[in-house]
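Engineer: Just dropping this structure here.
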Amino acid sequence: MKALQCLEIGAPPELVEIETPEPGPGEVRLRVTAAGLCHSDWFLMGLPADQYVYGLPLTLGHEAAGVVDALGPGATGVAVGDAVAVYGPWGCGRCHACAQGREDYCPNAAAQGIAPPGLGAPGAMAEYMIVDDPRHLVSLDGLDPVECVSLTDAGLTPYHAIRSSLSKLWPGSTAVVIGVGGLGHVAVQILRAITPAAIIAVDVDDDKLALATEVGAHRTVRSDSDAGARIRESTAGIGAEAVFDFVGAAATVQLAREVVAIDGDVQIVGIGGATLPTGFFSTPFGASVRAPYWGSRAELLEVLDLARSGSVRVHVERFGLDDAPEAYRRLHDGGIRGRAVVVP
Ligand code: NAD
Ligand code: 9ON
Ligand code: ZN
Ligand code: ZN
């Protein structure tokens with residue numbers, strides 16, 4: 001089968017021909033119907049050798065949807081032909097966090113050699129993929145796989161971050177979304193759907209700001225040295241009760257620090273490498289800084305329900321598997337509006 005793989009650290013991914021995998025005991029094979037591209041793929045492809053932990057060759061793709069194609073010995077709970085999405089942050093399934101469906105915070109996964117598809121295990125940028133356990137499959141129940149595959153990460157990750165700041169987002173509050181890319185444009189819609197907050201979207205790119213307005217942002221601000229002052233001004237000096245940074249670069253975490261309100265939340269979702277010290281003389285009284293990771297199994301069901309009710313829609317640009325290297329180049333250069341999705 002065809003697969004898009006990282007073959008060498010620091011090099012762009014390549015399309016290769018590999019053996020179609022067979023499902024082992026308890027595993028499920030999917031015929032992939034959609035695979036989303038995430039900026040984290042570029043994060044890992046840019047890591048130096050001493051920090052790269054994902055193994056080689058690595059089939060990319062941690063946003064996955066497919067049709068159940070074969071069951072390994074003992075795998076139950078799904079049937080051949082079922083249309084499913086894949087919950088990506090695989091955990092051990094036995095610890096306290098996993099028992100709550102919060103496998104994204106499983107403390108045992110790394111030590112037990114369990115890694116998400118596309119981030120250690122072979123991912124979805126291929127004609128077929130193996131899912132380690134049927135509990136990591138969620139029924140699509142009529143949702144279109146291409147339209148919805150990115151809800152498994154670009155939807156789930158912002159949903160998880162926003163949900164943990166819900167108590168701050170009362171009527172009259174402000175939420176700031178920094179970076180209106182794959183995650184950010186879904187974040188704006190989730191904020192509209194589940195909070196009464198006024199939403200200010202920030203980006204360096206005017207077309208991304210236009211997309212923010214299209215999907216429901218109340219105000220847009222260009223990300224430059226005046227952005228903090230403009231956001232403070234439009235909140236009557238109070239600042240934002242919650243700031244969601246989908247970039248995580250030095251400039252954006254500083255902007256988050258400048259605009260977060262007293263007792264507000266900063267959620268650093270982007271993996272831009274910057275940190276934000278919190279404490280007196282850095283962040284306002286009572287402010288929290290958090291770096292959330294992905295989301296829980298229950299939260300994935302909730303995000304899919306938001307799509308079913310029409311509250312959230314991913315703006316998708318489709319590519320064939322043969323065009324996946326080009327799609328990655330476009331993502332790298334900031335040329336994707338919404339999310340790029342490969343349809344093998
Ligand atoms: P993307 O490339 O689709 O979007 C990034 C957006 O940020 C673009 O619109 C870009 O124009 C904008 N941007 C870049 N620099 C900016 C700046 N200085 N100020 C304002 N906007 C700026 O990326 P994505 O796939 O949405 O991923 C966003 C980030 O989230 C990445 O760092 C990714 O690795 C990370 N991520 C984290 C998690 C997690 O669990 N924490 C999960 C998924 C992705
Ligand atoms: O889902 C993503 O994009 C993040 C959580 C991947 C981070 C990583 O490298 O494991
Ligand atoms: Zn991702
Ligand atoms: Zn666990």
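What follows is calculated from the coordinates using simple rules that are stated; it is not laboratory data. Every value quoted in this text rests on a predicted model; they were computed, and no experiment measured them. Because the Cβ atoms are built from the backbone with ideal geometry, glycine has one as well, and the counts that use them run over all protein chains shown.
Engineer: Along Cα→Cβ, 7 Å out, is where each label goes; now give me the distance between the ones at residue 226 and residue 56 in nm to one decimal.
Structural biologist: 4.7
Engineer: How high is the FRET efficiency between residue 238 and residue 326 when r is their beta carbon distance and R₀ equals 45 Å, given to the nearest 0.05?
Structural biologist: 0.50
Engineer: Could you tell me the relative contact order of the chain? Use alpha-carbon pairs under 8 Å, at least six residues apart, and round to a whole percent.
Structural biologist: Relative contact order here is 19 percent.
Engineer: List every residue whose amide H lies under 5 Å from the amide H of residue 288, counting only residues 5 or more places away in sequence or on a different chain, with H placed 1.01 Å from N in the peptide plane.
Structural biologist: Correct list: 264, 265, 266.
Engineer: Give, rounded to the nearest 20 debye, the magnitude of the charge dipole that the chain has about its Cα centre when Lys and Arg contribute +1 at Cβ and Asp and Glu contribute -1 at Cβ.
Structural biologist: I would put it at about 940 debye.
Engineer: Hey, another quick one. Between residue 17 and residue 288, what is 0.36 nm times their sequence separation minus the Cα-Cα distance? Round to one decimal in nm.
Structural biologist: Length difference between fully extended and current span is 92.8 nm.
Engineer: Could you list the chymotrypsin sites (Phe, Trp or Tyr not before Pro) in region 279-327 that lie in coil according to DSSP, counting only those with at most 14 other Cβ atoms within 10 Å of their Cβ?
Structural biologist: 280, 281, 285, 293
Engineer: For 282, 164, which order do you get if you count the other beta carbons within 10 Å of each Cβ and list the fewest first?
Structural biologist: So the ranking, lowest neighbour count to highest, is 282, 164.
Engineer: R0 = 30 Å: FRET efficiency of residue 139 with residue 166, Cβ-based, nearest 0.05?
Structural biologist: The pair residue 139/residue 166 has a calculated efficiency of 0.70.
Engineer: What number, rounded to the nearest 500 deg cm²/dmol, is the helix-based mean residue ellipticity at 222 nm of the chain, given -39500 (n - 2.57) per DSSP H run of at least four residues and division by all its residues?
Structural biologist: My calculation for the chain gives -6500 deg cm²/dmol from helical runs alone.
Engineer: Output wanted: per-residue J couplings in Hz (rounded whole) for region 44-57, from phi through Karplus 6.51 cos²θ - 1.76 cosθ + 1.60, θ = phi - 60°, x for Gly and Pro.
Structural biologist: 6, 6, x, 6, x, 3, 6, 10, 7, 10, 9, x, 9, x
Engineer: Residue 241's amide H: which non-local residues (gap 5+, or another chain) put their own amide H closer than 5 Å, with H modeled 1.01 Å from N in plane and none for Pro or chain starts?
Structural biologist: For residue 241, the qualifying residues are 174, 261.
Engineer: Have a look at the DSSP beta bridges in the chain and tell me what percent are antiparallel, nearest 5.
Structural biologist: 50
Engineer: Please identify which residues in region 176-205 have an amide N closer than 16 Å to a label point set 7 Å out from the Cα of residue 251, following the Cα→Cβ vector.
Structural biologist: 178-181, 202-205
Engineer: Could I ask something else about it? For the ranges 182-191, 52-61, 238-247, what's the packing order if you count other beta-carbon atoms within 10 Å of each residue, average per peptide, and put the highest first?
Structural biologist: Averaged packing, sorted descending, gives the order 182-191, 238-247, 52-61.
Engineer: In degrees between 0 and 90, to the nearest 10, how far off the longest principal axis of the chain does helix 297-308 point, with axes built from Cα atoms?
Structural biologist: That helix lies at roughly 80 degrees to the long axis.
Engineer: Give me the distance in nm between label points sitting 7 Å out from Cα along the Cα-to-Cβ direction at residue 258 and residue 112, one decimal.
Structural biologist: Distance between label points: 4.5 nm.
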